[in-house]
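The values are calculated or read from the model by the stated rules, or taken from the named source; none is laboratory data. Please read these numbers as outputs of a predicted model, since none were measured by experiment. Cβ: placed from backbone, ideal geometry, glycine included. Neighbour counts: every protein chain shown.
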Amino acid sequence: GAGVSQSPSNKVTEKGKDVELRCDPISGHTALYWYRQRLGQGLEFLIYFQGNSAPDKSGLPSDRFSAERTGESVSTLTIQRTQQEDSAVYLCASSLAGSPLHFGNGTRLTVT
Amino acid sequence: DAKTTQPTSMDCAEGRAANLPCNHSTISGNEYVYWYRQIHSQGPQYIIHGLKNNETNEMASLIITEDRKSSTLILPHATLRDTAVYYCIVRPYYGNNRLAFGKGNQVVVIP
């Protein structure tokens with residue numbers, strides 16, 4: 001498994017509950033990105049990590065969304081008090097500086 | 001904030017070369033042209049990138065015009081598995097290296 005791994009692959013949750021989405025990047029990749037893709041839409045940037053720091057959080061849609069990265073490795077995207085409009089595929093990507101991004105296959109989140 | 005323009009969709013014949021155009025007239029000198037594709041229910045897959053010279057790898061060729069205002073991705077022998085949404089993206093080498101995805105070009109390979 002040399003690629004980007006995301007878990008769970010599917011998540012169904014009730015409106016108002018909190019969810020955590022996990023991303024395991026390619027080993028050694030210093031940069032990590034989260035994107036969101038709503039059904040039939042393009043990719044929407046959420047947040048970018050360089051190491052464990054997040055110099056660009058500009059895409060987080062509200063303060064219900066947060067993300068962290070530890071050990072320059074695993075990252076967790078947390079959505080609090082989920083709403084139906086949060087339903088989407090959440091994609092994670094990693095890269096070395098200046099190199100192409102490698103994406104996982106995403107977590108499909110459904111808020112009922 | 002995508003800075004590229006692509007057709008919304010196009011069909012290509014199986015076994016023929018597929019030429020996918022992209023306009024990026026406002027590209028800056030430090031920006032590369034990247035191509036990704038997304039097959040249904042998968043994450044985007046990197047294809048190729050270039051600065052100003054033409055590039056070729058095992059998947060495709062990238063032809064960039066001399067003024068760098070447009071480029072063409074060439075799939076030399078399209079197969080049914082090449083059916084996907086293709087994204088042309090400009091991205092600076094340094095600084096925040098996020099990719100700004102537009103709506104892409106839905107390419108359908110016809111048997």
Residue selected from segment B:28-47 under the condition in contact with a strand residue (DSSP E or B) (Cβ under 6 Å, 6 or more places away or on another chain) and outside any strand (DSSP E or B), by the criterion nearest to the other protein chains (Cβ to nearest Cβ)
B:GLY43
Can you spot a residue in segment B:82-96 that is more than 14 Å from chain A (Cβ to nearest Cβ) and modelled with pLDDT of 95 or more?
yes
Output the number of the condition that A:ARG22 fails; it satisfies all remaining conditions of (1) basic (Lys, Arg); (2) over 20 Å from B:LEU99 (Cβ atoms); (3) over 11 Å from the mean Cα position of the chain (by Cα).
(3)
If I filter segment B:8-27 for residues that are modelled with pLDDT of 95 or more, within 14 Å of another protein chain (Cβ to nearest Cβ) and either out of contact with any Ser or Thr (no Cβ under 8 Å at 6 or more places or on another chain) or over 28 Å from A:TRP34 (Cα atoms) (or both), do I get at least one hit?
yes
Would segment A:85-94 turn up any residue that is facing another protein chain (nearest Cβ under 8 Å), buried (at least 16 other Cβ atoms within 10 Å of the Cβ), of a type in the set (Phe, Trp, Tyr) and not in a helix (DSSP H, G or I)?
no
Evaluate the following for A:LEU32: is it over 29 Å from B:VAL33 (Cα atoms), more than 10 Å from every other protein chain (Cβ to nearest Cβ) and touching a residue at least 60 places away in the same chain (Cβ under 8 Å)?
no
